[in-house]
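The values are calculated or read from the model by the stated rules, or taken from the named source; none is laboratory data. No experiment lies behind these values; they were computed from the predicted model shown. Heads up, the Cβs are rebuilt from the backbone with ideal geometry, glycines too, and the neighbour counts pull from every protein chain shown. Please note that ligands, DNA and RNA were not included when accessible areas were found on the heavy atoms of the full protein model with its side chains. Shrake-Rupley method; radii C 1.70, N 1.55, O 1.52, S 1.80 Å.
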Amino acid sequence: VKFESTSPKLGVLYTASPQSQWFANISGSFEAAPFGEVAYNATNPLARAQGATTVEFGWRGRTDQWTWDAALYRSNVRRELLAMTNASGVALGTVNADRTIHQGLELSATGTLAPGWVLRGQYLYNDFRFDGDAVYGNKRLAGVPPHLLRAELQWQAAPWIKVAPSLDWQPSRTWIDHANTVAADGFALLNLTLSGTLRGGWGWFVEGRNLTDRRYAATTAVQANARGLDGAYYFPGDGRSVYVGVTWRTP
(Lines give C-alpha, C1' and ligand atoms only; values in the text may rest on other atoms or scores of the structure.)
Protein backbone atom coordinates (compact mmCIF):
# COMPACT_ATOMS: atom_id res chain seq x y z
CA VAL A 1 0.00 0.00 0.00
CA LYS A 2 1.31 3.43 -0.92
CA PHE A 3 0.13 6.83 0.31
CA GLU A 4 1.29 10.08 -1.26
CA SER A 5 -0.06 13.61 -1.64
CA THR A 6 0.89 17.28 -1.54
CA SER A 7 -0.01 19.81 1.16
CA PRO A 8 -0.04 23.30 -0.41
CA LYS A 9 -0.42 26.45 1.66
CA LEU A 10 -0.99 30.11 0.80
CA GLY A 11 -0.90 32.85 3.43
CA VAL A 12 -1.36 36.61 3.58
CA LEU A 13 -0.06 38.84 6.41
CA TYR A 14 -1.12 42.48 6.73
CA THR A 15 0.61 44.71 9.27
CA ALA A 16 -1.96 47.39 10.06
CA SER A 17 0.35 49.10 12.57
CA PRO A 18 3.48 48.25 14.60
CA GLN A 19 1.10 46.86 17.24
CA SER A 20 -1.44 45.00 15.05
CA GLN A 21 -1.40 42.28 12.38
CA TRP A 22 -4.13 40.55 10.37
CA PHE A 23 -3.53 37.19 8.71
CA ALA A 24 -5.31 34.69 6.48
CA ASN A 25 -4.30 31.21 5.33
CA ILE A 26 -5.65 28.50 3.10
CA SER A 27 -3.95 25.13 3.23
CA GLY A 28 -4.30 21.50 2.32
CA SER A 29 -3.41 18.63 4.65
CA PHE A 30 -2.92 14.91 4.31
CA GLU A 31 -2.72 12.05 6.81
CA ALA A 32 -1.99 8.45 5.90
CA ALA A 33 -3.91 5.68 7.60
CA PRO A 34 -2.21 4.48 10.84
CA PHE A 35 -1.14 0.89 10.20
CA GLY A 36 -0.83 0.06 13.89
CA GLU A 37 -4.51 0.85 14.49
CA VAL A 38 -6.19 -0.46 11.35
CA ALA A 39 -4.36 -3.75 10.65
CA TYR A 40 -5.34 -5.48 13.87
CA ASN A 41 -6.88 -8.53 12.16
CA ALA A 42 -6.96 -10.05 8.70
CA THR A 43 -10.62 -9.21 8.06
CA ASN A 44 -10.34 -5.49 8.86
CA PRO A 45 -9.89 -3.42 5.67
CA LEU A 46 -7.20 -0.77 5.52
CA ALA A 47 -8.61 2.72 5.86
CA ARG A 48 -7.96 5.30 3.14
CA ALA A 49 -5.85 8.40 3.67
CA GLN A 50 -7.44 11.51 5.17
CA GLY A 51 -7.33 14.90 3.45
CA ALA A 52 -8.59 18.37 4.29
CA THR A 53 -8.77 21.97 3.10
CA THR A 54 -8.53 24.58 5.85
CA VAL A 55 -9.23 28.33 5.81
CA GLU A 56 -8.10 30.53 8.72
CA PHE A 57 -8.49 34.23 9.55
CA GLY A 58 -6.92 35.94 12.53
CA TRP A 59 -5.80 39.07 14.31
CA ARG A 60 -2.97 39.57 16.78
CA GLY A 61 -1.79 42.68 18.51
CA ARG A 62 -0.43 44.38 21.59
CA THR A 63 -0.62 47.52 23.66
CA ASP A 64 1.48 48.65 26.60
CA GLN A 65 -0.62 46.48 28.94
CA TRP A 66 -2.10 43.74 26.75
CA THR A 67 -1.22 41.20 24.06
CA TRP A 68 -3.83 39.10 22.24
CA ASP A 69 -4.33 36.57 19.49
CA ALA A 70 -7.63 35.60 17.84
CA ALA A 71 -8.29 33.14 15.01
CA LEU A 72 -11.32 31.69 13.21
CA TYR A 73 -10.93 28.54 11.16
CA ARG A 74 -12.90 26.03 9.12
CA SER A 75 -11.58 22.74 7.81
CA ASN A 76 -13.49 20.59 5.33
CA VAL A 77 -12.22 17.08 5.98
CA ARG A 78 -12.49 14.18 3.55
CA ARG A 79 -12.37 10.58 4.76
CA GLU A 80 -11.59 11.55 8.36
CA LEU A 81 -9.90 8.72 10.25
CA LEU A 82 -12.01 7.78 13.27
CA ALA A 83 -10.77 5.25 15.85
CA MET A 84 -13.39 3.64 18.09
CA THR A 85 -13.61 1.09 20.90
CA ASN A 86 -16.38 -1.06 22.33
CA ALA A 87 -17.85 -0.72 25.82
CA SER A 88 -14.98 -2.77 27.26
CA GLY A 89 -12.34 -0.51 25.73
CA VAL A 90 -11.33 -3.01 23.02
CA ALA A 91 -10.25 -1.32 19.79
CA LEU A 92 -12.65 -1.74 16.88
CA GLY A 93 -10.16 -0.32 14.43
CA THR A 94 -9.93 2.88 12.43
CA VAL A 95 -12.49 3.70 9.74
CA ASN A 96 -13.11 6.58 7.35
CA ALA A 97 -16.00 8.98 7.69
CA ASP A 98 -17.44 10.50 4.51
CA ARG A 99 -17.23 14.28 5.03
CA THR A 100 -16.72 16.11 8.31
CA ILE A 101 -16.26 19.74 9.34
CA HIS A 102 -13.82 21.09 11.92
CA GLN A 103 -14.43 24.74 12.71
CA GLY A 104 -13.99 26.97 15.69
CA LEU A 105 -12.53 29.96 17.45
CA GLU A 106 -9.24 30.36 19.33
CA LEU A 107 -8.67 33.29 21.68
CA SER A 108 -5.78 34.11 23.99
CA ALA A 109 -4.78 37.25 25.88
CA THR A 110 -2.27 38.36 28.50
CA GLY A 111 -2.56 41.62 30.38
CA THR A 112 -0.84 43.57 33.14
CA LEU A 113 -3.55 44.72 35.54
CA ALA A 114 -1.23 46.56 37.94
CA PRO A 115 2.45 46.37 38.93
CA GLY A 116 3.10 42.73 39.82
CA TRP A 117 -0.33 41.51 38.63
CA VAL A 118 -0.71 39.59 35.34
CA LEU A 119 -3.86 37.96 33.94
CA ARG A 120 -3.71 35.22 31.28
CA GLY A 121 -6.57 33.50 29.52
CA GLN A 122 -7.21 31.07 26.67
CA TYR A 123 -10.57 30.04 25.19
CA LEU A 124 -11.35 27.42 22.53
CA TYR A 125 -14.65 26.84 20.78
CA ASN A 126 -14.73 23.54 18.87
CA ASP A 127 -17.52 22.71 16.42
CA PHE A 128 -16.51 19.35 14.96
CA ARG A 129 -19.34 17.51 13.19
CA PHE A 130 -20.36 15.19 10.39
CA ASP A 131 -21.45 16.83 7.14
CA GLY A 132 -24.53 15.11 5.77
CA ASP A 133 -23.34 11.63 6.75
CA ALA A 134 -25.58 8.73 5.72
CA VAL A 135 -25.62 7.37 9.30
CA TYR A 136 -24.91 10.33 11.60
CA GLY A 137 -26.30 13.26 9.60
CA ASN A 138 -24.82 16.49 10.98
CA LYS A 139 -24.20 15.24 14.52
CA ARG A 140 -21.13 16.31 16.50
CA LEU A 141 -18.01 14.18 16.52
CA ALA A 142 -17.61 12.38 19.84
CA GLY A 143 -14.72 13.03 22.21
CA VAL A 144 -14.29 16.74 21.38
CA PRO A 145 -15.49 19.20 24.08
CA PRO A 146 -17.23 22.24 22.53
CA HIS A 147 -15.77 24.75 25.00
CA LEU A 148 -12.45 24.92 26.86
CA LEU A 149 -11.32 27.80 29.07
CA ARG A 150 -8.14 28.33 31.07
CA ALA A 151 -7.43 31.43 33.16
CA GLU A 152 -4.56 32.35 35.48
CA LEU A 153 -4.01 35.34 37.74
CA GLN A 154 -0.39 35.82 38.73
CA TRP A 155 0.90 38.00 41.59
CA GLN A 156 4.64 38.63 41.78
CA ALA A 157 4.97 39.71 45.41
CA ALA A 158 8.80 39.59 45.34
CA PRO A 159 11.45 37.79 43.27
CA TRP A 160 11.38 34.88 45.70
CA ILE A 161 7.58 34.44 45.78
CA LYS A 162 5.02 34.28 42.98
CA VAL A 163 1.39 33.27 43.57
CA ALA A 164 -0.67 32.02 40.60
CA PRO A 165 -4.18 30.58 41.06
CA SER A 166 -5.66 29.15 37.87
CA LEU A 167 -8.89 27.63 36.56
CA ASP A 168 -9.38 24.85 33.99
CA TRP A 169 -13.03 24.90 32.92
CA GLN A 170 -14.91 22.68 30.52
CA PRO A 171 -18.40 24.13 30.88
CA SER A 172 -20.35 21.88 28.52
CA ARG A 173 -20.89 18.16 28.05
CA THR A 174 -18.79 16.03 25.67
CA TRP A 175 -20.45 13.35 23.56
CA ILE A 176 -19.27 9.78 24.16
CA ASP A 177 -20.64 8.41 20.87
CA HIS A 178 -20.96 9.73 17.33
CA ALA A 179 -24.72 9.11 17.48
CA ASN A 180 -24.84 11.70 20.31
CA THR A 181 -26.84 9.59 22.77
CA VAL A 182 -24.54 9.64 25.85
CA ALA A 183 -22.34 12.50 27.10
CA ALA A 184 -19.77 13.15 29.83
CA ASP A 185 -20.42 16.09 32.14
CA GLY A 186 -18.33 19.23 32.11
CA PHE A 187 -16.07 20.18 35.00
CA ALA A 188 -14.00 22.96 36.56
CA LEU A 189 -10.62 22.46 38.23
CA LEU A 190 -9.04 24.94 40.64
CA ASN A 191 -5.24 24.99 40.79
CA LEU A 192 -2.61 27.01 42.65
CA THR A 193 1.11 27.42 41.97
CA LEU A 194 3.64 29.02 44.31
CA SER A 195 7.12 29.65 42.92
CA GLY A 196 10.13 31.92 43.17
CA THR A 197 13.77 32.50 42.30
CA LEU A 198 16.65 32.52 44.77
CA ARG A 199 20.30 33.45 44.62
CA GLY A 200 22.82 31.42 42.69
CA GLY A 201 20.39 30.43 39.94
CA TRP A 202 18.17 28.40 42.26
CA GLY A 203 14.41 28.35 42.08
CA TRP A 204 11.52 26.50 43.68
CA PHE A 205 7.86 25.67 43.06
CA VAL A 206 4.88 24.07 44.75
CA GLU A 207 1.97 23.22 42.43
CA GLY A 208 -1.42 22.08 43.66
CA ARG A 209 -3.89 20.75 41.09
CA ASN A 210 -7.60 20.00 41.41
CA LEU A 211 -7.62 21.47 44.90
CA THR A 212 -11.33 20.78 45.40
CA ASP A 213 -10.75 17.07 44.59
CA ARG A 214 -13.35 17.17 41.83
CA ARG A 215 -14.31 13.82 40.28
CA TYR A 216 -14.33 14.13 36.51
CA ALA A 217 -13.70 12.28 33.25
CA ALA A 218 -10.48 13.49 31.69
CA THR A 219 -11.08 11.59 28.42
CA THR A 220 -13.51 9.02 27.09
CA ALA A 221 -13.49 5.94 24.87
CA VAL A 222 -15.28 7.02 21.71
CA GLN A 223 -18.19 4.81 20.62
CA ALA A 224 -20.09 4.62 17.35
CA ASN A 225 -23.53 4.40 18.99
CA ALA A 226 -24.02 3.81 22.72
CA ARG A 227 -27.81 3.72 22.20
CA GLY A 228 -28.34 5.93 25.23
CA LEU A 229 -26.87 3.35 27.61
CA ASP A 230 -24.14 4.42 30.02
CA GLY A 231 -21.10 2.19 30.36
CA ALA A 232 -17.39 1.92 31.05
CA TYR A 233 -16.51 4.74 28.65
CA TYR A 234 -14.72 7.11 31.03
CA PHE A 235 -11.08 7.59 31.99
CA PRO A 236 -10.96 9.37 35.37
CA GLY A 237 -8.90 12.49 35.84
CA ASP A 238 -6.38 12.93 38.63
CA GLY A 239 -7.67 13.80 42.07
CA ARG A 240 -6.16 16.42 44.36
CA SER A 241 -2.38 16.38 43.87
CA VAL A 242 0.63 18.41 44.93
CA TYR A 243 4.00 18.67 43.15
CA VAL A 244 7.13 20.14 44.78
CA GLY A 245 10.42 20.81 43.07
CA VAL A 246 13.57 22.90 42.82
CA THR A 247 15.41 24.17 39.75
CA TRP A 248 18.91 25.38 39.09
CA ARG A 249 20.20 27.39 36.16
CA THR A 250 23.79 28.19 35.39
CA PRO A 251 24.62 31.90 35.13
**OP:** Might you report the magnitude of the Cβ-based charge dipole of the chain about its Cα centre, with Lys and Arg at +1 and Asp and Glu at -1, to the nearest 20 debye?
**Re:** 300 debye
Subject >> Full-extension gain in nm, residue 242 to residue 117, via 0.36 nm per residue minus C-alpha separation >> reply: 42.6 nm
Original post:
Using a simple spin-label model with points 7 Å from Cα along the Cα→Cβ vector, what separation in nm is obtained for residue 149 and residue 135?
Top reply: 3.5 nm
**OP:** Can you tell me how much longer the chain between residue 76 and residue 63 gets when fully stretched, taken as 0.36 nm per residue apart minus their C-alpha distance, in nm with one decimal?
**Re:** 1.2 nm
**OP:** Among 8, 183, 246, flag the residue with its Cα farthest along the positive direction of the charge dipole of the chain, charges on Cβ as +1 for Lys/Arg and -1 for Asp/Glu.
**Re:** 246
Subject >> Cα-based equivalent ellipsoid, the range 97-251: semi-axes from gyration tensor eigenvalues, Å >> reply: 39, 18, 13
Original post:
Leaving out ligands, DNA and RNA but keeping every protein chain, what accessible area does residue 243 have, in Å² rounded to the nearest 10, with a 1.4 Å probe?
Top reply: 100 Å²
Original post:
What accessible area per residue comes out for the range 127-251, rounded to a whole number of Å², with a 1.4 Å probe?
Top reply: 58 Å²
**OP:** Mind giving me the FRET efficiency for residue 198 and residue 96? R0 is 45 Å, r the Cβ-Cβ distance, nearest 0.05 is fine.
**Re:** 0.20
Original post:
Ranked by accessible surface with a 1.4 Å probe, highest first, in what order do 174, 6, 219, 193 come?
Top reply: 6, 219, 193, 174
Original post:
In what sequence, largest accessible area first, do 10, 192 appear using a 1.4 Å probe?
Top reply: 10, 192
**OP:** For the range 138-211, with all protein chains present and a 1.4 Å probe, just round the carbon and sulfur fraction of the accessible area to a whole percent.
**Re:** 64 percent
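Quick one: grab the alpha carbon gyration tensor of the range 124-203, order the square roots of its eigenvalues as a ≥ b ≥ c, and give me rounded if a/c is under 1.5, else prolate or oblate depending on whether a/b is larger than b/c.
Prolate is the answer for the range 124-203, as a/c is 1.5 or above and a/b outweighs b/c.
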